[in-house]
1. Taking M38 and the conditions (1) within 23 Å of M182 (Cα to Cα); (2) of a type outside the set (S, T, N, Q); (3) assigned to a loop (DSSP other than H, G, I, E, B), which numbered condition does it fall short on, given that it satisfies the others?
2. Select, from A138, A61, the only residue that is in contact with a strand residue (DSSP E or B) (Cβ under 8 Å, 6 or more places away or on another chain) and either assigned to a helix (DSSP H, G or I) or in contact (Cβ under 8 Å) with a residue 24 or more places away in the chain (or both).
3. Report yes if some residue within region 41-60 is surrounded by fewer than 20 Cβ atoms within 10 Å (Cβ to Cβ) and in contact with an Asp or Glu (Cβ under 8 Å, 6 or more places away or on another chain); otherwise report no.
4. Looking only at region 75-103, which residues are touching a residue at least 40 places away in the same chain (Cβ under 8 Å) and within 19 Å of F156 (Cβ to Cβ)?
5. Filter region 1-50 down to the residues that are among the basic types (K, R), farther than 23 Å from G102 by Cβ and touching a helix residue (DSSP H, G or I) at 6+ places or on another chain (Cβ under 6 Å) and list them by number.
6. Tell me which of these G4 doesn't satisfy, since it passes every other one: (1) surrounded by fewer than 20 Cβ atoms within 10 Å (Cβ to Cβ); (2) within 21 Å of D121 (Cα to Cα); (3) of a type in the set (G, A, S); (4) in contact (Cβ under 8 Å) with a residue 24 or more places away in the chain.
7. Kindly indicate whether any position in region 144-152 is part of a helix (DSSP H, G or I) and either touching a residue at least 12 places away in the same chain (Cβ under 8 Å) or at positive phi (or both).
8. Name the residue, out of L12, L43, L32, L24, that is within 17 Å of T122 (Cα to Cα) and outside any loop (DSSP other than H, G, I, E, B).
Amino acid sequence: MSKGDTTRNQILRRAMSEASRFGLEGVSIGGLAKEVGMSKSGLFAHFGSKEGLQIAILQRASDQFTSAIIRPAIALPRGEPRCVAMMENWLTWSDSKDLPGGCLFASSTFEYDDRPGPVRDTLVVHIQALHDTLRRAAAIAVEEGHFRADLDIDQFAFSIHSLLLGYHVQARLFRAPNAREMVSGAFQTLLASARA
């Protein structure tokens, strides 16, 4: 890895942490440059614009999401175990000390839902890929006989995503001490309704 790649990774690690707390719009190039010991122009050279930085943050978050949530889940037996692991891994990732403000995709969804442009377009691509992964996991659970043959896999994927967005609100906005128990209970209800 080149020095430039190492520096870029250092910047993105810090930027992702900031974005999880303050939103993508709240990431300051000046503040970020100071934190990583660079000039603003030096940091700017890595991304070309604030928008370029925001898109790079989303890509890094997607890469980490895949490594922390998707890959470990698909290493498990096909079917329901993968669905359960994705949910558990996502909750663990959301609670990670590396994301002091929780899941970046959850907070960015609210930040960019009505804001057109390349950052929103990038976010939509990543969220759509997540939904496709959740649908595929549910479809495999149907194929394996774990879930009902008539399960609406689109509804199942929507429900999981809704639970995780609800968890974000309960845990981050309300600081509910039982947020994890509430989302786990709701997920168990969802699984019970999906099982064959």
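1. (1)
2. A138
3. No, region 41-60 has no match at all.
4. Those that are touching a residue at least 40 places away in the same chain (Cβ under 8 Å) and within 19 Å of F156 (Cβ to Cβ): R78, G79, E80, R82, C83, V84, M86, M87, W90, L91.
5. R8, K40
6. With respect to (1) surrounded by fewer than 20 Cβ atoms within 10 Å (Cβ to Cβ); (2) within 21 Å of D121 (Cα to Cα); (3) of a type in the set (G, A, S); (4) in contact (Cβ under 8 Å) with a residue 24 or more places away in the chain, G4 is out only on (2).
7. No, that holds for no residue.
8. L12
The values are calculated or read from the model by the stated rules, or taken from the named source; none is laboratory data. Not measured: the values here are computed from a predicted model. No Cβ is skipped: glycine too gets one built from the backbone with ideal geometry, and neighbour counts run over all protein chains shown.
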